[in-house]
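Okay, so here's the structure we're looking at.
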Amino acid sequence: TMSRRSKIFLQLIFDLILIATSCILAMVLKFGSIQTAFVFSHLYAILITALTCLIAFSILGLYKSLIRYASLQILKSISLGSGVSGAVMYLTALAGSQKLPISVPLIFILLTILSIGGWRFILKTHFLKQVMGNKRPAMIYGAGEAGRQLLQILDNGDIYLPIAIIDDDPALQGLIIS
């Protein structure tokens, strides 16, 4: 098995490829073909956008959680990071006196959310199928100490797979238990 640092590095490389591909594909979808001259004239915008996106994802905690724990919070981080990067793409093109239709960054944002979020949730589903095996899904009521202990017991067992923790205490709702 790979070290955590290696997994994060692979995520960064794969995300960089998907982000750059999303930039170019956004232009292709807008203009109907890959206009090499147009792509090269916006190469600096693509590079700055890709770097901004990776930095935003990192600041938003995308690389702090393992893919097997992908959640809606990660999807929110991807959406926010993609939005910021789309704005940077547009502003970078404007700063370079290049005309870039507003639809290109909007398409980029959607493609980035779908690609970056999509592959994480596909891998999560694959991982869950491997881990789950014959285990039955179970929900735990109570996110306090007893609930966390039950979570550990069920995680180590062969019969149930905890899929959610429910609690009526507003202070404990929305927390991620590791």
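The values are calculated or read from the model by the stated rules, or taken from the named source; none is laboratory data. Since the structure is predicted, the reported quantities are computational estimates derived from the model, not experimental observations. As a convention, Cβ positions derive from the backbone with ideal geometry for all residues, glycine included, and neighbour counts pool all protein chains shown. Ligands, DNA and RNA are stripped out before the accessible areas are found, and what is left, the full protein with its side chains, is counted by its heavy atoms. Shrake-Rupley method; radii C 1.70, N 1.55, O 1.52, S 1.80 Å.
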Q) Over all distinct Cα pairs, what is the inverse of the mean 1/r for the chain, reported as the Kirkwood hydrodynamic radius in Å? A) 18.3
Q. What nm distance separates the two modelled labels at I8 and W119, each placed 7 Å from Cα along Cα→Cβ?
A. 1.9
Q: Could you rank the peptides 11-21, 83-93 by their average count of other C-beta atoms within 10 Å per residue, with the highest value first?
A: 83-93, 11-21
Q: State which helices in the chain qualify, where a helix is a whole DSSP H run, it must extend 27 Å or more along its own axis by its Cα atoms, and its mean Kyte-Doolittle hydropathy must be at least 1.0.
A: 4-31, 72-95
Q: Under a cut-off of 30 Å between alpha-carbon atoms, report the lysines in cross-link reach of K30, not counting same-chain residues fewer than 8 places apart.
A: K76, K99
Q) What spacing in nm lies between the two simple spin-label points modelled at L47 and A87, each 7 Å away from Cα in the Cβ direction? A) 2.4
Q: Just tell me which aspartates and glutamates come within less than 20 Å, Cα to Cα, of K7; anything on the same chain fewer than 8 places away is out.
A: D15
Q: May I ask you to give the percent of accessible area on the chain that is carbon plus sulfur, with a probe radius of 1.4 Å?
A: 68
Q) In the full protein assembly as shown, how much of K30 is accessible to a 1.4 Å probe, in Å² to the nearest 10? A) 90
Q) What are the semi-axes of the equivalent ellipsoid for the stretch 136-178, taken as the square roots of 5 times the Cα gyration tensor eigenvalues, largest first, in whole Å? A) 19, 10, 8
Q | Spherically averaged projected area in nm², based on the convex hull that wraps the Cα atoms of the stretch 71-147 | A | 7.6
Q: Quickly estimate the mean residue ellipticity at 222 nm for the chain, helices only: each DSSP H run with n ≥ 4 gives -39500 (n - 2.57), and the total goes over all residues, rounded to 500.
A: -21000 deg cm²/dmol
